[in-house]
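Okay, structure first, notes after.
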Amino acid sequence: MKLSTLIVASTALLATACGGTEGNTAGGTGPEVTAEPVVAPNNGDWSTIIRKTSDGGFIMGNPDAKVKLVEFASMTCPHCATFEEEGAKPLVDNYVKKGLVSWELRNFVRDPFDMTATLLARCGGEANYFGMTRSLFAEQRNWMGELQKASEAQLGALQSMPPAQQFSTIADLANLKQFAAMRGVPRAKADQCLSNEAEINTLVQMNSDAASNHNIPGTPSFLINGKLVESTAAWAQLEPKIKEALAD
């Protein structure tokens, strides 16, 4: 697929909304976790073991964990930012580090702004991905706020730009290149990532696969051992499902 058609394809494919229940919605505590922790190689930390998957996501933790959690997330989705804020630390500390759960994050981009942030999140590869994603979610209101300050003329001009220029311009409007540079991604590398046709194609294909293979209803959405978890968008709802899967 040519770059000139990618933005049309991504907009069509990524109409799925950011949805779900926000905040500390009660979901029950689930069964007590009795599974024994799995020792990481060289007595290390499972959360430091990160690799890119064949599905285009990035997975953290024990590849042979009993519970394999997949999260579909959008960088512009406030519910995804809330899950990151409330759920990421207990998920990693209580389950991933113990080798009981692996956590794969698959980007599900919804619009050109989302595509821009996602390309930058992935720009540093395995070593930087989860940290950059965490930072983008933590500062989501700020960089999205910068985009909201853009004039109608600036935003309107995006429509006539080729995708590579469009994503670069969006990054400038949102101050995301400076944001990335402060987190280990130099501006020159950021520009390369924002025009990386292969990576853009990968993200478009990931959306198509998520829609056709899993019928993702919105973001965040989760798979546990390959099965879509219904009506779950908050950590308080997801953790009992993880405990149930560990108890099986």
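Hey, can you find the accessible area per residue of the chain for me, probe 1.4 Å, expressed in square angstrom?
Details: 11390 Å² over 248 residues.
About 46 Å² of surface per residue is accessible.
Any chance you could look up the accessible area of Val33 with a 1.4 Å probe, heavy atoms only, rounded to 10 Å²?
50
Counting only protein heavy atoms and a 1.4 Å probe, tell me what percentage of the chain's accessible area is made up of carbon and sulfur.
On the way: 5620 of 11390 Å².
Reported share for carbon and sulfur atoms: 49 percent.
Between Lys189 and His214, what is the spin-label point distance in nm, taking each point 7 Å from the Cα along the Cα→C-beta axis?
Modelled inter-label distance: 2.8 nm.
If ligands, DNA and RNA are left out, what is the accessible area of Asp209 with a 1.4 Å probe, given in Å² to the nearest 10?
We get 60 Å² for Asp209.
Can you work out the Karplus-derived ³J(HN,Hα) for every residue in the stretch 222-232? Use 6.51 cos²θ - 1.76 cosθ + 1.60 with θ = phi - 60°, whole Hz, and x for glycine or proline.
Coupling constants for the stretch 222-232: 9, 10, 10, 6, x, 10, 5, 8, 6, 6, 10 Hz.
Would you mind calculating the gained length between Glu230 and Ala198 on full extension (0.36 nm times residue separation, minus the Cα-Cα distance), in nm to one decimal?
Details: separation 32, 0.36 × 32 = 11.52 nm, distance 3.23 nm.
Working it through step by step, the gained length comes to 8.3 nm.
Read phi for every residue in the stretch 165-174 and hand back ³J(HN,Hα) as whole Hz from Karplus 6.51 cos²θ - 1.76 cosθ + 1.60, θ = phi - 60°, with x for Gly and Pro.
5, 4, 5, 5, 5, 4, 4, 5, 4, 8
Which one, [x] 0.98; [y] 0.94; [z] 1.02, gives Rg/Rh (Cα atoms, Kirkwood Rh) as derived from the coordinates shown?
[x]
With a ≥ b ≥ c the root eigenvalues of the C-alpha gyration tensor of the stretch 116-248, is it rounded (a/c under 1.5), prolate (a/b larger than b/c) or oblate?
Values: a/c = 1.96, a/b = 1.83, b/c = 1.07.
Prolate, because a/c is 1.5 or more and a/b exceeds b/c.
Which number comes out as Rg/Rh for the stretch 133-204 once both Rg and the Kirkwood Rh are worked out on C-alpha atoms? The partial results should precede the final answer.
Details: Rg = 12.5 Å, Rh = 12.9 Å.
Ratio of gyration radius to Kirkwood radius: 0.97.
Mind checking which lysines have their Cα closer than 28 Å to the Cα of Lys177? Skip sequence neighbours fewer than 8 apart in that chain.
Reachable lysines: Lys2, Lys52, Lys89, Lys149, Lys189.
Given a Förster radius of 51 Å and the C-beta distance between Ala153 and Glu36 as r, what FRET efficiency does 1/(1 + (r/R0)^6) yield to the nearest 0.05? It would help to have the intermediate numbers written out before the result.
Working: r = 61 Å, r/R0 = 1.19.
Efficiency for this residue pair is about 0.25.
So which aspartates and glutamates can Lys227 reach, going by Cα to Cα under 18 Å and dropping same-chain residues fewer than 8 places off?
Once the sequence-local aspartates and glutamates are set aside, what remains near Lys227 is Asp55, Asp64, Glu71, Glu104, Asp209, Glu239, Glu244, Asp248.
Treat every Asp and Glu Cβ in the chain as -1 and every Lys and Arg Cβ as +1, leave all other atoms uncharged, and give the resulting dipole magnitude about the Cα centre to the nearest 20 debye. List each step's numbers first, then the result.
Details: 21 positive and 27 negative charges, 89 e Å.
Charge dipole of the chain: 420 debye, to the nearest 20.
Could you derive backbone 3J(HN,Hα) for the stretch 144-158 from the dihedral phi with the Karplus parameters 6.51, -1.76 and 1.60 (θ = phi - 60°), listing whole Hz in sequence and x where the residue is Gly or Pro?
5, x, 4, 5, 5, 7, 5, 6, 4, 5, 5, 5, x, 5, 4
The values are calculated or read from the model by the stated rules, or taken from the named source; none is laboratory data. What you are looking at is a predicted structure, and each value in this text was computed from that prediction instead of being measured. A quick note on method: Cβ atoms are made from the backbone with ideal geometry, for glycine too, and the neighbour counts reach across all protein chains shown. Quick note on the areas: whole protein, heavy atoms, side chains included, nothing else; ligands and nucleic acids left out. Shrake-Rupley method; radii C 1.70, N 1.55, O 1.52, S 1.80 Å.
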